[in-house]
1. Just one of the numbered conditions (1) touching a residue at least 60 places away in the same chain (Cβ under 8 Å); (2) touching a Leu at 6+ places or on another chain (Cβ under 9 Å); (3) open to solvent by less than 60 Å² (accessible area, probe 1.4 Å) is not true of Phe22; which one?
2. Please work out if Thr162 is among the hydroxyl-bearing types (Ser, Thr, Tyr) and within 17 Å of the chain's Cα centre (by Cα).
3. Out of the residues in region 132-148 that are among the charged types (D, E, K, R) and closer than 20 Å to Arg208 by Cβ, state the one that is nearest to the ligand (Cβ to nearest atom).
4. Give the residue, chosen from Asp159, Asp168, that is open to solvent by 40 Å² or more (accessible area, probe 1.4 Å) and either away from the ligand (no atom under 16 Å from the Cβ) or in the same structural domain as Lys81 (by TED's automatic domain parsing) (or both).
5. Just one of Gly112, Gly98 is touching a Leu at 6+ places or on another chain (Cβ under 7 Å), on the phi > 0 side of the Ramachandran plot and not assigned by TED's automatic domain parsing to the domain that holds Trp174; which is it?
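The values are calculated or read from the model by the stated rules, or taken from the named source; none is laboratory data. A quick note: this is a predicted structure, and the numbers were derived from the prediction, not measured. Using ideal geometry, Cβ is built from the backbone for each residue, glycine included, and neighbour counts are taken over all protein chains shown. In case anyone asks, the SASA skips ligands and DNA or RNA and just uses the protein heavy atoms, side chains included. Shrake-Rupley method; radii C 1.70, N 1.55, O 1.52, S 1.80 Å.
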Amino acid sequence: MPAALLGKLKALYPNARYYLNFSTPLELLVAAILSAQVRDTVVNATTPALFKKYRSADEYARADLETLTREIKAITFSANKAKHIKQACAILDEKYHGRVPETLEQLVELPGIGRKTAHAILINAFGKVEGVVVDTHVIRVAFRLGWTKNTKPDKIEQDLMTLIPKADWAKATWLLKDHGRAVCSAPVPACSRCALEPDCPKAGVTKRT
Ligand code: SF4
């Protein structure tokens, strides 16, 4: 069943993709730290000036904290995120010759990087698909579709990795995000205009349009 619904989603969102703009793994790491609990569009509006000014992990690590916080002030929790960027980049400099490491274990040790962000970096910067990125849209839509009964991201990830063929792990995140944004919104999904409606158990849905 998920395979058929994924097929429908692929047809509905042929341009589904990762939304954060970046051109190097370091840029993605910085954008990913900034992206926690803030819309991708806000991050994408902030990063061009940042990427132009700071060209290496060393430059971020040596940045003045107050200045960096000011430069990302449009982002929620800017002071914390500025601190995380500096700390993470100092570690990159000390342990990895300024490069972003390419394993989940190494990435999750960096400040500001959780499992979800680490997977996003591995997939989008290095093409290494080792799991499914589970964000707030994926949690909501996967639950409503009955693809998981869990509410914890780690467990949802395991459920999705079992249900979805590995070749679709990366794409599944982008498709579920797009569908969550377009139709299966929080708190009230627009089931009446959803192409998946006939096959969707609408788990947990109490109100819909
Ligand atoms: S039918 Fe409703 S609950 Fe199911 S995926 Fe569509 S919008 Fe979401």
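1. With (1) touching a residue at least 60 places away in the same chain (Cβ under 8 Å); (2) touching a Leu at 6+ places or on another chain (Cβ under 9 Å); (3) open to solvent by less than 60 Å² (accessible area, probe 1.4 Å) applied to Phe22, the lone miss is (3).
2. no
3. Filtering region 132-148 for residues among the charged types (D, E, K, R) gives 135, 140, 144.
Those still in the list that are closer than 20 Å to Arg208 by Cβ too: 140, 144.
On the way: Arg140: 8, Arg144: 4 Å.
Only one residue tops the list, namely Arg144.
4. Numbers: Asp168 fails: open to solvent by 40 Å² or more (accessible area, probe 1.4 Å).
Criteria check complete, one pass: Asp159.
5. On the way: Gly112 fails: touching a Leu at 6+ places or on another chain (Cβ under 7 Å).
Just one listed residue meets the conditions, Gly98.
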